[in-house]
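Report on one structure; see the data block that follows.
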Amino acid sequence: MAEAPVLPYRPQPPRPRWGVRVPPNKTLSTVRPIAACPLPDEVLIPLDCGPAGIATALVQPGQRVATGELIGLSEDGGRVHASLSGIVLDEEEHPVPGRPGAIAPCLRLRSDGEDRWHPMLRPIAEPLALPPAQLRERIAEAGIVGLGGALFPTADKLAAAEELELLIINGAECEPYISCDEMLMRERPGLVLDGVRLMLHASGAPRAVIAVESDMPEAQRALLDELQRAADPRIGIAVVTAKYPAGGERQLIELLTGREVPAGGLPTDIGCLCHNVATAAAVADLAASGRPLISRLVTVTGRGVAEPRNLEARIGTPLAALVAAAGGYCCDSPRLIMGGPMMGRLLPGDELPVTKASNCLIVAAPGELTGPRPEYPCIRCGECSRVCPARLLPQELLLAGRAGNVLALAELQLDACIECGCCDYVCPSHIDLTAAFVQAKRRLSQALRARSRAHQARARSEARAARLRNRNSAVASYQEAELTTDDLAALLERVKAREQERGDAD
Amino acid sequence: MLPAILLIAGLSGGIGLLLLAAAARLPTDRDGLAQRIDELLPQTQCAQCGYPGCRPYADAIAAGEAPINRCAPGGELLIRALAELLGRQPLPLDPACGEYHGERVAVIDEARCIGCRRCIEACPVDAIIGAHRHLHTVLQSLCTGCELCLPPCPVDCIDMQARPADG
Amino acid sequence: MPTESPPYLRSPLSVPWMMRQVLYALLPAALAWTWYFGIGLLINATVALGFALLTEAAALRLRGRPWRPAIGDYSAAVTAVLLAFCLPPLTPWWITAAGAVFAIGVGKHLFGGLGHNLFNPAMAGYAMLLVSFPEQLTNWLPPRMGDLDYQPLSALATLSYSLLGRLPDAADLDALTRATPLDLIKTGLREALTVDELRASPLFGDFGGRGWEWIGNYIALGGFWLLYQRIIRWQIPVAVLAGLLLPAGLFWLLDSAVHAGPGFHLFSGGALLCAFFIATDPVSAAMSDRGRLIYGAGIGLLIYVMRNWGSYPDGVAFAVLLMNAAVPLIDRLTRPSAYGHGQDAGHR
């Protein structure tokens, strides 16, 4: 194998010109160590595997399962494991945290209280001696996905890059309130480093850098100590300014390498690969114990919960059990937010389950978050474009979006918007910019689809005109019509069905 | 006073002559313009504008022979885009050219189709398939919603429906 | 209840708060102004405020918009106060009123109201007054300084002139009013006097006109407060002052006999008010940092050109309005390319 080029990174990245300093509120939950959330009586395990589609249940109601047993598999290889031992009660459609109103099929398991692990789970002996493809296979089988929230299958991501120059391990948890990655690095730095080494092996990257924020000195120290012990020259640490959204994938890559991921492209296009620290730790955990991903760290925080802290919770644990493990509610009519306050989602209630994407649950006391405020006209103060990490002009995008001017939206490069909410945060006119851009993006993609259909239609009508000139035939042959075999097969199927129907009727 | 009058008169006269000469001599980029207009048109090839297709209408607009408000499928958004491209005032859609319905597709009621092939012959983008005397169907991904297949159908088995959101 | 869509955490900044800070920032300068030139400013500001708010409410009602929140955003108040700062102490009330009505009605609401006005409303109103009533806008008084042989005009007399158009006791207007330093320089240079000869007049201080210098200091103080509060950013003030002072310095070095120095230009007329309070009006200014540098430099340069070679003694209003008109172009030319869209993106 040829020596892969090494992308230099900046151990002290420059202070970003974009972004906002949001009150971090992280010490709320970092004053207490990580604790294990008690095993709940029932878990509700979502079969939704995010980008890998919806899994099909492999178990029947009434069946006994062991902790770590495979209970769901999607067509694209998404895997769902039992997060405790017990009995499968039923499969039902249940709201899950995600987009508002999202409903996904879930498996309901009742715990037998024993937490009996599946006997076939064995640690990976000598994982670094394993061929990378086999290691990735083990990672895929363990159901490990990006724990930063994207849920993209980790094994696929590790395999995707041909010429990788730098593996970035993202510990720059920039959203306020969330502290699960920070606490992981503080308390389990060895696990993180083991994971990084495994990921280096599995991806073929020559170097790795762990990005942490400047306001996490304890995590920096813990990782540095561990690095000294490990003495692996391929791994380094970079400290980025604690400014939201410095930990966004594309923004972090820009800060560390000075390169930008091209529009519509992926980090691998510029030789980078980004994984979350929690994902790295999950890989290390798999190698050490053979256990699949059935739990994750969740920050339970906010002024509406008695003892804010980080909890190690089984996937499918009801949020109510999580809040109870953090001392219970301590205010009237709290509001629940899944994720951070900048990009999170308001939840309808606490009966929803923890998913692999659940990094933080904010229990907000009344008045802790910003309430609805009257909107003033935009005064073009320009603060929004000053803080925009994508260098967009939000105020012009807003005008174009409100006017439904799709051409202008495309020209203003709306596709670069990462919906981070910085523009909303600073807007003195209190305009809901991010919400407007989410809607405008939908409109733009609709218009782009219509555009590509129009191109197709023009090509086909020109082909038809040419045919009329040459053969004077209004009916195209199937080759000329460029039909897909699927279309034809479907039509044939229906024709046959109807002929038969007619025959029956006669 | 007199020099000023002479100067202004001379300047404006000279510039006017230059402009006249430029208009007469320099070739206007009608084809390029027509192409850019065609790029904006929805390519339904529906002929509701009174021209046989999108490109002929684009040529007519570029030549200054047609107003910009005759494309019903493009709707108000298209008129605004054309107005911006051409530096003209946006006009309301000409009601003589039909109404704006949003994106639609033709759907054949397969129970009633007799397989006469007339719709296939009428379709400007070859989006209808089926053999003579057998069931026909509209390929939704290719249909432009031009409605040209409606009049020839002898059994009125074709309906227009809103295009599904994910289509 | 948090807002219904993320982000659920937002900064406490708001438009009314920003506008109020601008008004607070003008307070020291207003006090200094009153100290040196009498209560004319307060009368002008009161008249302008009243008519500006009335016009704002009326225009919004005519446009079928709710008028209460718009009155509460203080933007019309800022316009009115800035206009009052431009007017001489002895201004008939109907002139002030006409300026305020024009500023809000034409300068602001004909363009679509707050956020949509192409031109700075206060400057639109002031420019209209400048071209319509040039005579009445020259009634400046000499500053109240101990060594100047000058009896300050009583508050009652000022009020009487403003409201009734005449001074009590048959006092002579011409005997009371004095030309501004900018006026003196302009007319003096036309009469082939040198700058040094003109500066011998007791009206001149260390840099500009006496009294004016001090007001300038307090305006800058207010400007620094706004900078500290991040209500304005440094680009526009720096660019305006650089655009004015660099050419002023250059010409002064070339021939100091017929060109006043940069210090004079800095502390005379509306230069500082423009740099910190007028050009920084975000609605009518360019958007990007680069655009704001260009916009501000253009204003500064135009002020210098108009002061030197124009027919008016000062050029702040026209300079701002001209650059306002150039803002759409500047914004267009300084538009950055978004993340991943630049030429460097994807380069490896």
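If you take the Cα centroid of the stretch A:375-398 and the Cα centroid of the stretch A:172-241, the two points sit 35 Å apart.
In this simple spin-label model, placing a label point 7 Å from the Cα along the Cα-to-Cβ direction at both A:ALA403 and A:ALA466 gives a separation of 3.9 nm.
Cβ-to-Cβ counts within 10 Å put C:ASP331, A:ASP115, C:ASP73 in ascending order as A:ASP115, C:ASP331, C:ASP73, the fewest first. The GluC sites (Glu not before Pro) of the stretch A:368-425 meeting both criteria, a DSSP state outside H, G, I, E and B (loop) and at most 14 other C-beta atoms within 10 angstrom of the site's C-beta, are A:GLU375.
For peptide C:69-78, the mean count of partner chain Cβ atoms within 10 Å of a residue's Cβ comes to 2.
In straight-distance terms, cross-link reach from A:LYS496 covers every one of the aspartates and glutamates whose alpha-carbon lies under 17 Å from its own, apart from those fewer than eight places away in the same chain; here that gives A:ASP486, A:ASP487, A:ASP504, A:ASP506, B:ASP109, B:GLU110. For chain C, the longest principal axis of the alpha carbon atoms and the long axis of helix C:121-132 meet at an angle near 40°.
Convex hull of alpha carbon positions in chain A: directionally averaged projected area 31.9 nm². Projecting the Cα atoms of B:GLY102, B:LEU85, B:LEU17 onto the charge dipole of chain B (Cβ charges, centred on the Cα centre) puts B:LEU17 farthest toward the positive pole. Evaluating 6.51 cos²θ - 1.76 cosθ + 1.60 at θ = phi - 60° for every residue in the stretch A:32-46, the Karplus couplings come out as 10, x, 5, 10, 7, 6, x, 4, x, 5, 9, 10, 10, 8, x Hz, glycine and proline recorded as x.
Which FRET efficiency value, to the nearest 0.05, do you get for C:VAL305 and A:ALA459 by plugging their Cβ-Cβ distance into 1/(1 + (r/R0)^6) with R0 = 60 Å?
The computed FRET efficiency comes out at 0.55.
So how strong a dipole does the protein assembly as shown carry about its Cα centre when Lys and Arg Cβ are +1 and Asp and Glu Cβ are -1, to the nearest 20 debye?
Dipole of the protein assembly as shown, to the nearest 20 debye: 1240 debye.
For the peptide A:487-497, the mean number of other protein chain Cβ atoms found within 10 angstrom of a residue's Cβ is 3. Overall shape: oblate for the protein assembly as shown, with the ratio a/c of the largest to smallest alpha carbon gyration tensor axis at 1.5 or above and b/c at least equal to a/b. Spacing of the modelled spin labels on B:ALA162 and B:ARG25, each 7 Å from Cα toward Cβ, amounts to 5.7 nm.
For chain A, the share of DSSP beta bridges that are antiparallel, to the nearest 5, is 65%. Shape analysis of the stretch B:27-97 places it in the oblate category; the axes a ≥ b ≥ c from the Cα gyration tensor give an a/c of at least 1.5, with a/b not above b/c. With the simple spin-label model, which puts each label point 7 Å out from Cα in the Cβ direction, the C:LEU156 to A:ASP115 separation comes to 9.2 nm. For chain B, complete DSSP H runs whose alpha carbons reach 18 Å or more along their own long axis and whose mean Kyte-Doolittle score is -0.5 or higher are B:2-25. The alpha-carbon of A:LYS356 sits under 28 angstrom from the alpha-carbons of these lysines, leaving out residues fewer than 8 places away in its chain: A:LYS26, A:LYS157, A:LYS243, A:LYS441.
For the protein assembly as shown, the mean residue ellipticity at 222 nm estimated from helices alone is -13000 deg cm²/dmol, where every DSSP H run of n ≥ 4 contributes -39500 (n - 2.57) and the total is divided by all residues, rounded to the nearest 500. For the pair the stretch C:196-212 and the stretch B:72-92, the centres of their Cα atoms are 61 angstrom apart. Amide H to amide H, with H built 1.01 Å from N, A:SER295 comes under 5 Å of A:ILE315, counting only residues 5 or more places away or on other chains. Most tightly packed first, judged by the mean number of other beta-carbon atoms within 10 Å of their residues, the peptides B:17-24, A:296-303, B:95-102 read A:296-303, B:95-102, B:17-24.
Charge dipole (Cα centre; +1 on Lys/Arg Cβ, -1 on Asp/Glu Cβ; no other charges) of the stretch B:85-124 amounts to roughly 100 debye.
Across peptide A:256-265, the average count of Cβ atoms from other chains found within 10 Å of a residue's Cβ is 4. Of A:CYS37, A:LEU444, C:GLY50, whose Cα points farthest to the positive end of the dipole of the protein assembly as shown (charges on the beta-carbon: +1 Lys, Arg; -1 Asp, Glu; origin at the Cα centre)? Selected residue: C:GLY50. Remark on A:LEU47: its backbone amide H falls under 5 Å from those of A:CYS106, A:LEU107, a criterion applied only to residues 5 or more positions apart or on other chains, H modelled at 1.01 Å from N. If R0 is taken as 60 Å, the Cβ-Cβ distance between A:ARG17 and C:TRP94 corresponds to a FRET efficiency of 0.75.
Every number in this text was worked out from the coordinates using simple rules, so none of it is lab data. Predicted model only: the values in this text are computed from it and were never measured. Note that we place each Cβ from the backbone using ideal geometry, even for glycine, and neighbour counts take in every protein chain shown.
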